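Asker: The structure follows.
Please treat every number below as a calculation from the coordinates, not as lab data. Since the structure is predicted, the reported quantities are computational estimates derived from the model, not experimental observations. Positions of Cβ are backbone-derived with ideal geometry, glycine not excepted, and every protein chain shown enters the neighbour counts.
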Amino acid sequence: MSKIKNVLNRNYFYRFAAAKWHKHAVEKDPEKEIRRVYYMTFGKYPDLESPRNIIEKTYWLTLHTDLSEWTRCADKYLMRDYIKECGLEQLLPINYGKFNRGEDINFEKLPKSFVLKTNNASATCIVVKDKDKLDKKKTIKTLNQWLSIPFGYSGYQPHYLAIKPCIIAEEYLVADEEQERLSPNSLIDYKFYCCDGEPQVIWTPFNRRPEVEMNLFDIHWKSIPQYLVETDENFISDTVLKKPTCLDEMVGASRILSKPFSHVRVDFYVIGDKPYIGELTFTPGYGFFSEVLYNKLGDLVDLSKVKRVR
């Protein structure tokens with residue numbers, strides 16, 4: 001099932017049609033769309049009136065609060081301004097340019113290796129290891145197709161809908177030998193789930209093929225796999241990931257970046273001993289943590305402190 005899903009998610013026409021269907025559903029009743037997606041994962045409906053777990057509380061925030069800062073920080077391009085304001089510019093990969101459409105990219109001015117991605121969606125990234133071998137015409141077509149797909153209707157993530165889509169070119173991060181051995185199909189992700197300005201757990205998906213190996217740690221790098229749930233797409237790995245030498249730096253950066261928000265996931269890559277910020281995610285995917293952990297995280301978010309605007 002996961003292989004079929006991954007094939008469909010890479011198909012432009014399927015993604016475009018699905019986005020239009022979700023748009024219709026959201027415009028008719030956003031809460032119904034939330035209940036549909038939640039039920040598909042948990043077999044029950046969320047409590048959106050008196051939310052308990054972190055997913056329910058995130059949806060409550062989506063429905064009732066000002067999302068303008070979510071929009072800015074979820075935008076993979078404008079996010080850079082926020083990170084600079086937080087004094088963490090050194091943790092950003094190099095940006096080579098921003099483009100409104102594929103035809104605007106001047107490949108001659110880009111280095112030999114780089115990454116192209118859209119700023120407003122998931123799984124819209126092209127890793128270019130050698131631009132001399134790149135099919136530029138196909139690349140431009142793919143990027144323009146991605147830009148045309150409205151992202152944010154599925155599961156009702158309206159802060160993405162407010163992002164003005166563009167293409168960005170960034171530094172290609174090269175894994176060291178040890179990371180390449182453990183995760184030959186992708187970089188190791190270090191995803192910090194933060195509640196009310198405090199990082200709580202670190203989810204580490206890696207070696208995407210397309211099934212994903214995963215581990216889970218507390219912020220002291222104690223393994224806590226008992227809170228993980230395997231799915232068609234993610235499975236608990238026997239591979240032991242060593243504690244990053246820059247763990248304390250990532251924990252500190254997560255505290256700074258998450259301070260204004262009730263809940264956010266701060267994503268890092270680690271190259272050598274240096275962390276790089278990947279993105280900030282306010283509505284992360286779910287289903288791979290246990291109900292116990294979702295409740296624990298939810299208990300750490302105090303909605304009484306949040307200003308309700310809608």
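Asker: Given (i) 0.98; (ii) 0.94; (iii) 1.06, which label gives Rg/Rh (Cα atoms, Kirkwood Rh) as computed from the coordinates?
Answerer: (ii)
Asker: Under the Karplus relation 6.51 cos²θ - 1.76 cosθ + 1.60, θ = phi - 60°, what is the ordered set of whole-Hz ³J(HN,Hα) values for the range 231-245, x standing for Gly and Pro?
Answerer: 10, 5, 9, 10, 9, 6, 8, 7, 5, 8, 8, 6, 5, x, 5
Asker: Please rank 166, 195, fewest neighbouring Cβ atoms within 10 Å first, as an exposure proxy.
Answerer: Least to most surrounded, the residues fall as 166, 195.
Asker: Quickly rank 265-278, 86-99 as a protection proxy: mean count of other C-beta atoms within 10 Å, highest first. Spell out each step's value before the answer.
Answerer: Values: 265-278: 19.1, 86-99: 14.8.
Answer by packing, highest mean first, reads 265-278, 86-99.
Asker: Quick one: Cα centre-to-centre distance for the range 26-41 and the range 77-111, in angstrom?
Answerer: Cα centres, the range 26-41 to the range 77-111: 34 Å.
Asker: Give me 79, 40 ranked fewest to most by other Cβ atoms within 10 Å of their Cβ, as a rough exposure proxy.
Answerer: Lowest to highest Cβ neighbour count: 40, 79.
Asker: Using modelled amide H (1.01 Å from N, peptide plane; none on Pro or chain starts), what sits under 5 Å from the amide H of residue 97, excluding residues fewer than 5 places away?
Answerer: Amide H to amide H, under 5 Å and 5 or more residues apart or across chains, residue 97 pairs with 169.
Asker: What percent do you get for the relative contact order of the range 248-310 when only Cα pairs under 8 Å and 6+ apart count? Intermediate results must be reported in sequence, preceding the final value.
Answerer: Working: 42 pairs, mean separation 16.1, N = 63.
The value is 26 percent.
Asker: Return the whole-Å distance between the Cα centroid of the range 144-171 and the Cα centroid of the range 178-204.
Answerer: So the separation of the two Cα centres works out to 23 Å.
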